[in-house]
Amino acid sequence: MIDFQNLTVGYQSALVSFSDMKLNKGAIYALIGRNGIGKSTFLKTITGQLKPVNGTIQLNDRLISDITFGEIPKFISYVESRFPLVEFLSVYDYIALGRSPYTNLLGKLKEEDRALIQKTIDQLNIGHLSRRFTSELSDGERQLISIAKAVVQQTDLIVLDEPTAFLDYANKEEVLSQLQQIAVNMEKCIIVATHDIDLVLDKTIQFILIDETEKTGKLYPSATKNEIISTCFKSIQL
């Protein structure tokens, strides 16, 4: 699905290096590391917003560096931590923006686009929100419709930068549960940057942990809370 080889990410200089790893469809991966260590930089590199300092990323055997900026939204969906609030935009129309890579310049939806949007709304149980304006929604509801927008993009890879950062516990649980179901039921590879360690430990989730001292990232099929803290937050005394 997505292969990382000899990857180092950063801006003018290196921030984090990652061991070679392969992430698969049908699985969700929690990216964990302290603030400022390079999680968002890693996600921006995956999504083609930044070039790697070193190494390569392959998506379905194609180098991401060979995918044009205009093509990227057909391969990768990206959900930011903050919702891009637009007044007087309906939830349905916001989700429909996920079809933009496939529509004409006027953004006209075809019947198959509308069918996919409605199917996604039904699958995520957000039909009661579809006629409301995005400005009327709670933070949790906004995250759910952002996920719906990512799903209708029909990409194999969905990347989310701290989607639960501003949510209460119930909404954090709902968002992560929905993402897990999407990964399994829709055969998506999902990468989630998060600080909600206790919550992700309750799920069947694999981890990409960034070592606080060595500035290296590694895939862990499973991990305990102590392992996560001792790897990612070594300055914290257990």
Within the stretch 92-113, restricting to residues that are exposed (fewer than 12 other Cβ atoms within 10 Å of the Cβ) and part of a helix (DSSP H, G or I), the one that is farthest from the chain's Cα centre (by Cα) is Glu111
Apart from one, (1) touching a helix residue (DSSP H, G or I) at 6+ places or on another chain (Cβ under 9 Å); (2) of a type in the set (A, V, I, L, M); (3) touching a residue at least 60 places away in the same chain (Cβ under 8 Å) all hold for Leu7; the odd one out is (3)
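Only residues that are among the aliphatic types (A, V, I, L, M) and crowded, with 18+ Cβ neighbours inside 10 Å: list them for the stretch 53-91, please. Let's see the steps before the verdict.
So in the stretch 53-91, the residues among the aliphatic types (A, V, I, L, M) come out as 53, 57, 59, 63-64, 67, 72, 76, 79, 85-86, 89, 91.
The answer is Val53, Ile57, Leu59, Ile64, Ile72, Ile76, Val79, Val91.
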Per the list (1) surrounded by 15 or more Cβ atoms within 10 Å (Cβ to Cβ); (2) touching a residue at least 60 places away in the same chain (Cβ under 8 Å); (3) under 18 Å from the mean Cα position of the chain (by Cα), residue check on Val16 breaks on (3)
Could you check, for the stretch 212-221, whether at least one of its residues is touching a Lys or Arg at 6+ places or on another chain (Cβ under 6 Å) and closer than 18 Å to Lys25 by Cβ?
no
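Report yes if some residue within the stretch 84-95 is polar (S, T, N, Q) and closer than 23 Å to Gln5 by Cβ; otherwise report no.
We begin by selecting, within the stretch 84-95, every residue polar (S, T, N, Q); these are 90.
If we keep only those that are closer than 23 Å to Gln5 by Cβ as well, we get none.
Within the stretch 84-95, not a single residue is polar (S, T, N, Q) and closer than 23 Å to Gln5 by Cβ.
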When the stretch 19-43 is checked residue by residue, the ones that are of a type in the set (Lys, Arg), more than 15 Å from Ile210 (Cβ to Cβ) and within 15 Å of the chain's Cα centre (by Cα) are Lys25
**Asked** surrounded by 14 or more Cβ atoms within 10 Å (Cβ to Cβ) and among the aromatic types (Phe, Trp, Tyr), is that true of Tyr29?
**Response** yes
Restricting attention to the stretch 114-164, the residues that are within 15 Å of Leu97 (Cα to Cα), polar (S, T, N, Q) and more than 12 Å from the chain's Cα centre (by Cα) number exactly 6
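None of the figures in this text is laboratory data; all of them are computed from the coordinates on show. Being a predicted model, the structure only gives us computed values, none of them experimental. Backbone-built Cβ (ideal geometry, glycine too); neighbour counts: all protein chains shown.
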